[in-house]
Amino acid sequence: MGFASALGWDNGIVLAPMGADISGPKLVAAVANAGGVGLLASPVNMYDATLKAIRDTKKLTNKPFGAGILLEFDQTHTVRAIFEEKLACMQVFWGDYPKEMVDEAHKNGVQILHQVGSIADAEKAIAAGVDCIIAQGVEAGGHVIGNVSWHALVPRIVDLIGDKNITVVAAGAIADPRGFVGAISLGAKGICMGTRFIATKESYAHDYYKEQLLKYTGDDTDYTDLYSRESWRAPTRVLNTPFHQKWKPAPEDVENNAEQPIIGYSIIYGGETVLRRFAGQVANKTTAGEVENMVMYAGQGVGHVNDILPAGDIVKNFIEGAEMIIKELGNKYATIDDGVAAISLA
């Protein structure tokens with residue numbers, strides 16, 4: 001049994017474009033080489049840096065891959081690099097992407113995956129003619145745009161689409177093959193994962209960050225705006241670390257701005273970034289400083305993350321695991337009587 005993506009990949013497993021650079025060339029290439037949809041975390045409106053990330057990825061894979069952009073910011077230069085390099089797809093998030101922009105992407109041979117968190121935004125994406133809608137549930141890690149579970153959102157979006165040629169992908173707290181099967185049962189053609197792919201050999205996340213994911217469960221995440229109060233008021237889901245527990249009651253006028261003390265430094269897309277308390281950037285491999293006091297994004301599926309594996313093994317395990325679950329369900333519940341299939345709950 002195969003889970004071929006309607007978008008043309010070998011399977012419907014999508015790597016979330018986790019920023020600032022956690023979903024870098026090595027991780028994207030590993031997912032692409034395993035037949036999945038690898039999405040680079042694009043620099044914000046940086047042509048040269050985007051070009052370098054794309055070309056570094058192309059050195060590691062000859063499979064198609066894509067990149068993600070945040071619509072909250074001007075992305076003219078980043079999009080130009082994506083179009084010039086003829087990436088297979090571009091994921092857009094946190095804003096509108098109307099038909100004229102989708103048409104322009106299509107003229108450049110780029111498919112559009114629009115991540116949404118509500119029916120209203122799904123309706124806009126359908127009207128714009130996108131190729132795929134990623135339905136993000138509130139249980140997702142990182143920046144969360146909606147307030148309902150993907151379990152409720154996916155079937156409603158599937159019904160809205162009807163017979164239109166738009167793929168639906170589920171996102172949010174999916175971290176083992178059972179979530180894959182659940183998404184398929186609701187009409188999705190694939191899943192988009194972030195947290196599970198942070199804990200991989202190829203992820204550009206700091207080792208301390210990866211190791212913390214193995215110690216927390218879904219009960220240990222928190223929904224907060226603490227790390228995005230100055231320039232981009234966006235709720236996020238984070239690990240409820242001792243640092244976060246201490247500071248999450250901070251009043252609204254406490255912002256992640258230049259008044260906060262410096263707690264570390266990172267090299268991001270070739271440039272040094274100063275990290276202040278409550279900074280929204282997670283620790284990457286170059287980060288030095290108080291890593292334990294930095295934000296750590298994670299979804300409620302983090303309790304299923306128990307090891308750090310090669311990304312290709314994650315994809316393989318999900319495909320094989322989902323196939324096994326579906327086969328076992330068929331053997332356990334489906335019976336054939338006089339040529340008619342029935343469900344037995346005995």
Restricting the stretch 64-92 to residues that are more than 19 Å from residue 49 (Cβ to Cβ) and of a type outside the set (A, V, I, L, M), the one most open to solvent (accessible area, probe 1.4 Å) turns out to be 64
Just checking, which of 289, 270, 312 is more than 22 Å from residue 25 (Cβ to Cβ), small (Gly, Ala, Ser) and either at pLDDT 95 or above or open to solvent by 70 Å² or more (accessible area, probe 1.4 Å) (or both)? 289
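Yes/no per residue for (1) surrounded by fewer than 24 Cβ atoms within 10 Å (Cβ to Cβ); (2) modelled with pLDDT of 95 or more; (3) among the hydroxyl-bearing types (Ser, Thr, Tyr); (4) outside any loop (DSSP other than H, G, I, E, B):
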{"residue": "133", "(1), (2), (3), (4)": "no, yes, no, yes"}
{"residue": "159", "(1), (2), (3), (4)": "yes, yes, no, yes"}
{"residue": "182", "(1), (2), (3), (4)": "yes, yes, no, yes"}
{"residue": "209", "(1), (2), (3), (4)": "no, yes, yes, yes"}
{"residue": "215", "(1), (2), (3), (4)": "yes, yes, no, no"}
May I ask you to list the residues in the stretch 12-56 that are among the β-branched types (Val, Ile, Thr) and more than 16 Å from residue 273 (Cβ to Cβ)? 13, 14, 28, 31, 37, 50, 54
Selection from the stretch 242-267 of residues that are open to solvent by less than 80 Å² (accessible area, probe 1.4 Å), assigned to a strand (DSSP E or B) and not β-branched (Val, Ile, Thr): 264, 266
For residue 237, state whether it is surrounded by 23 or more Cβ atoms within 10 Å (Cβ to Cβ) and in a strand (DSSP E or B). yes
Has the stretch 108-126 got any residue that is touching a residue at least 40 places away in the same chain (Cβ under 8 Å), touching a Phe, Trp or Tyr at 6+ places or on another chain (Cβ under 7 Å) and closer than 29 Å to residue 239 by Cα? yes
For the stretch 184-201, what are the residues that are in a helix (DSSP H, G or I), of a type outside the set (Val, Ile, Thr) and farther than 26 Å from residue 22 by Cα? 185
Of all the residues that make up the stretch 79-116, how many are over 20 Å from the mean Cα position of the chain (by Cα) and in a helix (DSSP H, G or I)? 13
Report, ordered by the first and then the second residue, all pairs with beta carbons closer than 6 Å, sequence separation of six or more or different chains, a first member in the stretch 307-329 that is acidic (Asp, Glu), and a second member that is loosely packed, with under 14 Cβ neighbours inside 10 Å. 323/1
Of the residues in the stretch 184-193, those that are of a type outside the set (A, V, I, L, M, F, W, C) and either under 30 Å from residue 25 (Cα atoms) or open to solvent by 40 Å² or more (accessible area, probe 1.4 Å) (or both) come to 185, 189, 190
For the stretch 168-180: of the residues being farther than 17 Å from residue 118 by Cα and either of a type in the set (D, E, K, R) or touching a Cys at 6+ places or on another chain (Cβ under 6 Å) (or both), which is least open to solvent (accessible area, probe 1.4 Å)? 176
Residue under question is residue 13, and the condition is that it be open to solvent by less than 20 Å² (accessible area, probe 1.4 Å), in contact with an Asp or Glu (Cβ under 7 Å, 6 or more places away or on another chain) and within 24 Å of residue 184 (Cα to Cα); does it hold? no
Flagged in the stretch 56-74 as over 22 Å from residue 234 (Cβ atoms) and in contact with a Phe, Trp or Tyr (Cβ under 9 Å, 6 or more places away or on another chain), in numbering order, are 57, 58, 63, 64
For the stretch 194-207 the number of residues that are open to solvent by 60 Å² or more (accessible area, probe 1.4 Å) and either small (Gly, Ala, Ser) or more than 16 Å from the chain's Cα centre (by Cα) (or both) is 2
Based on what the data block shows, is residue 45 under 19 Å from residue 109 (Cβ atoms), surrounded by fewer than 24 Cβ atoms within 10 Å (Cβ to Cβ) and of a type outside the set (Phe, Trp, Tyr)? no
Would you confirm whether or not the stretch 46-55 contains a residue that is more than 18 Å from the chain's Cα centre (by Cα), touching a residue at least 40 places away in the same chain (Cβ under 8 Å) and over 24 Å from residue 234 (Cβ atoms)? yes
Just wondering, is there one or more residues in the stretch 26-38 that are over 20 Å from residue 269 (Cα atoms), basic (Lys, Arg) and either surrounded by 20 or more Cβ atoms within 10 Å (Cβ to Cβ) or modelled with pLDDT of 95 or more (or both)? no
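The values are calculated or read from the model by the stated rules, or taken from the named source; none is laboratory data. Just so we're clear, the structure is a prediction, and the values are computed from it rather than from any experiment. We place every Cβ from the backbone using ideal geometry, glycine too, and count neighbours over all the protein chains shown. The area values use the complete protein model at the heavy-atom level, side chains included, leaving out ligands, DNA and RNA. Shrake-Rupley method; radii C 1.70, N 1.55, O 1.52, S 1.80 Å.
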